[in-house]
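Visitor: Let me begin by handing over the structure; questions about it come next.
The values are calculated or read from the model by the stated rules, or taken from the named source; none is laboratory data. Please read all numbers here as calculations on a predicted model, not as lab measurements. Cβ: placed from backbone, ideal geometry, glycine included. Neighbour counts: every protein chain shown. Remember, those area values only see protein heavy atoms, side chains included, never the ligands or the DNA or RNA. Shrake-Rupley method; radii C 1.70, N 1.55, O 1.52, S 1.80 Å.
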Amino acid sequence: ADLIRAHAEADAARFLRLSSEVDALAESLFVRPMEGYIRRVLWALARLGVIPEGAAHDPWGPELDAREFEEVGRALEALAGARAR
């Protein structure tokens, strides 16, 4: 929502900063196997407290290992740190 607002308000600096943050998160969510993006997005939502952790499961997607779960967490932590500055 902030990204869209920045665009609508013609706040180029804020828009570019937020676009960079979205790109950084996308680099951890939309990786091979690409079909795993649904589970990775669910993991991100669970880590953010939007959905319960038990709901972060894609029964039709590929199996993903704990390393990928941690990568999503690190990406979210990096974004939180960047936003705190």
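Visitor: Residue pairs, Cβ under 9 Å, 6 or more apart or interchain, first in the stretch 74-85 and closer than 16 Å to residue 26 by Cα, second open to solvent by 100 Å² or more (accessible area, probe 1.4 Å) and basic (Lys, Arg). List them.
Guide: Final answer for the pair search is 82/17.
Visitor: For the stretch 28-40, what are the residues that are in a helix (DSSP H, G or I), open to solvent by 50 Å² or more (accessible area, probe 1.4 Å) and not aromatic (Phe, Trp, Tyr)?
Guide: Just the residues of the stretch 28-40 that are in a helix (DSSP H, G or I), to begin with: 28-29, 34-40.
Filter again for open to solvent by 50 Å² or more (accessible area, probe 1.4 Å), leaving 34-35, 37-38.
Answer for the stretch 28-40, where residues must be in a helix (DSSP H, G or I), open to solvent by 50 Å² or more (accessible area, probe 1.4 Å) and not aromatic (Phe, Trp, Tyr): 34, 35, 38.
Visitor: Check 25, 64 and return the single one that is open to solvent by less than 90 Å² (accessible area, probe 1.4 Å), outside any helix (DSSP H, G or I), modelled with pLDDT under 95 and in contact with a helix residue (DSSP H, G or I) (Cβ under 8 Å, 6 or more places away or on another chain).
Guide: Only one candidate passes the filter, namely 64.
Visitor: Is there a residue being at negative phi, open to solvent by 80 Å² or more (accessible area, probe 1.4 Å) and small (Gly, Ala, Ser) anywhere in the stretch 3-10?
Guide: First, the residues of the stretch 3-10 that are at negative phi: 3-9.
Next, only the ones that are open to solvent by 80 Å² or more (accessible area, probe 1.4 Å) stay: 4-5, 7-9.
Narrowing further to those that are small (Gly, Ala, Ser): 8.
Yes, because at least one residue in the stretch 3-10 is at negative phi, open to solvent by 80 Å² or more (accessible area, probe 1.4 Å) and small (Gly, Ala, Ser).
Visitor: Among the numbered criteria (1) more than 27 Å from residue 17 (Cβ to Cβ); (2) open to solvent by 60 Å² or more (accessible area, probe 1.4 Å), which one does residue 56 miss?
Guide: So residue 56 meets the others, but not (2).
Visitor: Let me ask another. Quick check on the stretch 42-50. Is at least one of its residues farther than 16 Å from residue 26 by Cβ and assigned to a loop (DSSP other than H, G, I, E, B)?
Guide: Of all residues in the stretch 42-50, those farther than 16 Å from residue 26 by Cβ come to 46, 49-50.
Still in the running and assigned to a loop (DSSP other than H, G, I, E, B): 49-50.
Yes - at least one qualifying residue is present in the stretch 42-50.
Visitor: Within the stretch 76-85, is there a residue that is under 14 Å from the mean Cα position of the chain (by Cα), acidic (Asp, Glu) and part of a helix (DSSP H, G or I)?
Guide: yes
Visitor: Taking the stretch 20-30 on its own, how many of its residues are in contact (Cβ under 8 Å) with a residue 24 or more places away in the chain and farther than 11 Å from residue 71 by Cα?
Guide: At the first step, the residues of the stretch 20-30 found to be in contact (Cβ under 8 Å) with a residue 24 or more places away in the chain are 21, 24-25, 27-29.
Cutting the leftovers down to farther than 11 Å from residue 71 by Cα gives us 21, 24.
So the count comes out to 2.
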